[in-house]
Each structure stands twice: as C-alpha cells, then as structure tokens.
C-alpha cells in the first residue's frame, strides 16, 4: 500500500526485504517503515541551473541507491537555504549513515515547517515519524513516545497505524530493558579485524584460536570496481593478537555473496550461505590437506529453495538448527530443527514453536555446546527495535519462552549472530554499536568472572607413525559415568589438532581409531570449572603419536595437562 503526500510517494517497507545475505540491516531499513521513492518529475527544467525540484528528485534517487554521502552533497545548496524537503531528505540519509544525533538536529530544525495542526498533514506525519524513530535509535525512548503519541490519533492508514503501535511497543521494551542493564564489558575487536565496510557473522573454533567472519571489504582481483561482494575471511590468534585477515579460498567462487554461518563440532567443516540469485542456500566445505573442499549444498529438507540463511549443529552433530522462509511458519523467517536419521540423512524439519518464533522474523540460531541453550535473533518478542538477541532453554516440555538477553548487549539497532564461548564468559558478535569503524563491526563481550561456568575446552594433536597429522583418524569421547558418546571428531589435516568442548566435573574416555594404526585409548578427568581462555589458558592433552598395527596391543595414554 502506498502512502502519498505532495511531491513524494512513500511505500511501506517490505518486511521480507531481499538481501545479499542476512546481516545487520542498514539503519535505513531499521529506521523507517517507509522508503522514499522517486520524486514526480516536472515537465520543464532549466537548462542553465538545476531547479530545486530536480535537486530533490536526484537526491532522492541517490538515497534509493544507498549513496547517502553523495545525496547529502547534492542537497547542500538547498540545505543552506533551509529548504524543509531537502532537510527532511538529509535527515533520512544521516540516519542511514548511522549519524543519528546529527539527523535529530536536522529533524528538530524542520519541525516548525511540519506542524500537525496545519495543512499538509501527510508531510507532517512523515517528518514526526522519522523524528520519533531517530529518538528511539538514539536511546531516547521518552522523546520517541512523545512523537508517536502525537501521530497515533490522527493516522488512519492501517499499515502505518500498525507500524506506529510497533514503535511504541519497542520504546516501552527499551525503557524496561534499560532499567535493568546487564553487567558486562564490550570490547571492539580493533582495526585489524574490522574495516569501514560491513564486518559481521563471526564464528570461532572452540579454543578461539581461529575466527572466520564475513566482510564486504574489497578483495584484490575480485570485483575491484565495487560494490563489493560479501566474502569469508579468516584470522588466527598469534602472539597475543589477531593476524591480518585473509580471504578464504573456497572453490567455486563466481562473484556471488558468501557469508559465514557456522562450524562443524570438530571445526573442520565450515557452513556458509551463498546467494545464487533471488534466494540463498546453505553450503558446507571441509578443510583438507590441499585446502578447502568443493562446497556442497546442505541436502533437502534443510535447503528448500525458500531462502535458508543460518544454521548451527549440535555438539554431537546429530541435530541442526536453521532459519528459513519456507511456507508454513509462524511469520517471516522461522527457526527449525532437524535430527539426523540412522542412514545419515536429515529428518523432517520441526518448527521450533511459538516460544521461539513469532509473526515477525527470527534469525541466526546458535546452539550452545551445552546442547541445552539456543541463542537467536528476533524482531519480535520484547525487542528494542530491529533484531535483538534472545535465548531459550530445552526442557522435557519443549523450549522455554524466549528471554531477551538484555541491555546493553542489545540496542535499538540490529544485534545478531551471538556466539558465546563454551564457558559463557565471552561472546563474539556483530553490531552497529557506537564505536564502529563505519558499518557493522565485530565485538567481544566480557561477562563478570563470577558467572557460572560448566564447560571446558580440551585439545590435543594427533600424529601417525610417520609423525604427520593423522588426517584419517576419528576421535571419540565417552562419558565414563554413563557410557554416553559425546561426539565424533576429526583432526585438522594440516596441523593434526583437534578441539572439543565438554562438561567439566566428569571423567572421560578418549578413543582414537585410524586405518593402519592401533586403537588408542586414554582416560582423563575434568575436575575443575576452569575459567578457560584460549589466549591464556586451556586444557591440553599431550600430543599423541599412533603406532602401526604390527607394533603390538592397543596404546594406553596418560593424564591431561593444563597450559
């Protein structure tokens, strides 16, 4: 449905906007229920100098192309003359550039021109709506509520009325969450990992020694003219810092958008999103001695042709949680899960239900290594506006009601892709928070050290009898108290390293099987809830060298060591 005023046509923002990949929305898309379209052309234009109408029309077209800086420059002659329409467009562009305080100053300046008591009410509604959203984005919910309360009794368009109601609810949610802030420290991950472009969707190995993320930064030899495609980058923790990110060389790249989604439990497989046209799908590639394998799409019924965007595997690899726009959900994008069948295929996807999904959008599922806590992002529930991060716990009766993880983790902007470390002390995530270098950036949250910790990272290196990485080895970890097998793992074919995350306060059996070699077994105990941190402290088993079959009986190992 269109919403019109003199000279400008507004369309309600499509709630299911097609994007290159799910990532933090531009603030333009969060900030407005409207999208500015082309100004009506005048029948006559001056051949000597541009008329105000032509300047406004061209600036509006630039905004539609997301060329906000150029649009602001184009509007400059009219802004200097305090042209109210030019100022309104400038404010919209400033919000889209994350320069919200500047936008508020511009909007406040033009309010006398757009009184709700005078004529041109459609123009005035637009101006006050934008000012209200700018206040909310600037964490001023009371001022935002003042603006939306003025609009509520005079707006008759149903869709716009619903949007105003939603904005009012966002403001009330914000007030409640801001009244009970979560104690934490937010660390910007710096200019080595971040850039002035979009940087988002970080995933790390359990021991935090490697981080994969998505960026629209330019890549040498690829799309050098721009706009730049999304690509996957990798960085390693070396000498107390992150190395310069390098683009991940996954075969089959052909100028498409690729974005990080998740890792297999052993860290040897990378799930990523690829947009091949109108819809996107999930793919997986594996690390081999020669590099990354040819990617394969996740099989049906995970991929359905209806835009699957994120996925997360359970610690044992037997359940996959994913987001999809397929028909039959509760709203836009919903979160589903599927169990692996005995033949290795995936069972019929199950909608996660109304405690997780809403009539709006849910995205970015991440199942914690405890296999009980599901983190995800939603524009519904009690969001502050845009996507907020929520969590739900698995019980015998299903999933608990989604819980907003609080302020300031969540903000009025989009907060998504929340990846906690196994002990829950730190979280890697992407956001458009204040302090970003340009667009979305990568951040690390630090929670207080007295938080409950019940998981620990265990790592070792496995070598064959030639002292080379035992790339064909399979590692099993079994809880000796109940004989439950917690997972099946592979080693890094280049380094021989394997990493797993398992509950503390337990005794385990580590068993290794490798063709042509004797089986290896070792018992170890995790008796302390250790504040593991891979950069400083982890639990390591001594390196293991397998023996060929002709050298005797099964090898017995030793106890683990801490480093």
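Remark on region 352-439: Rg and Dmax equal 12.9, 45 Å (Cα only). For the peptides 356-369, 244-257, the ranking by mean Cβ contacts within 10 Å, running from highest to lowest, is 356-369, 244-257.
Between the beta carbons of residue 139 and residue 476, assuming R0 = 35 Å, the FRET efficiency works out to 0.10 to the nearest 0.05. With viscosity 1.002 mPa s and temperature 20 °C, the Kirkwood radius over alpha carbon pairs of region 341-395 converts through Stokes-Einstein to a diffusion coefficient of 171 µm²/s.
The distance from the alpha carbon centre of region 270-299 to that of region 61-95 is 41 Å, rounded to a whole number. Based on the Stokes-Einstein relation at 10 °C and a viscosity of 1.306 mPa s, and on the Kirkwood radius from alpha carbon pairs, region 213-309 is assigned a translational diffusion coefficient of 110 µm²/s.
For the pair residue 276 and residue 182, a Förster radius of 45 Å applied to the C-beta separation gives a FRET efficiency near 0.70, rounded to the nearest 0.05. If the segment from residue 51 to residue 255 were pulled out straight at 0.36 nm per residue, it would be longer than the present Cα-Cα gap by 69.4 nm. When the P(r) is computed for region 150-190, the part past 14 Å accounts for 64% of the Cα-Cα pairs. The average projected area of region 185-446, computed from the convex hull of its Cα atoms over all directions, is 14.2 nm².
Here region 156-256 is described by how far its Cα atoms reach on the three principal axes: 53, 37, 23 Å, from widest to narrowest. The value obtained for region 240-363, namely the Cα convex hull volume divided by the number of residues, is 153 Å³ per residue. Sticking with the crude label model, points 7 Å out along Cα→Cβ, report the distance from residue 67 to residue 152 in nm, one decimal please. In this crude spin-label approximation the distance works out to 4.2 nm. Ranked by the mean number of other Cβ atoms within 10 Å of their residues, highest first, the peptides 102-108, 329-335, 394-400 come out as 329-335, 102-108, 394-400. Give the order of 459, 413, 377 when sorted by the count of other beta carbons within 10 angstrom, beginning with the fewest. Fewest-to-most Cβ neighbours within 10 Å comes out as 459, 413, 377.
The numbers here are math on the coordinates, done by the rules we state, and not lab data. It should be emphasised that the depicted structure is a prediction, and the values quoted were computed from it without experimental measurement. Heads up, the Cβs are rebuilt from the backbone with ideal geometry, glycines too, and the neighbour counts pull from every protein chain shown.
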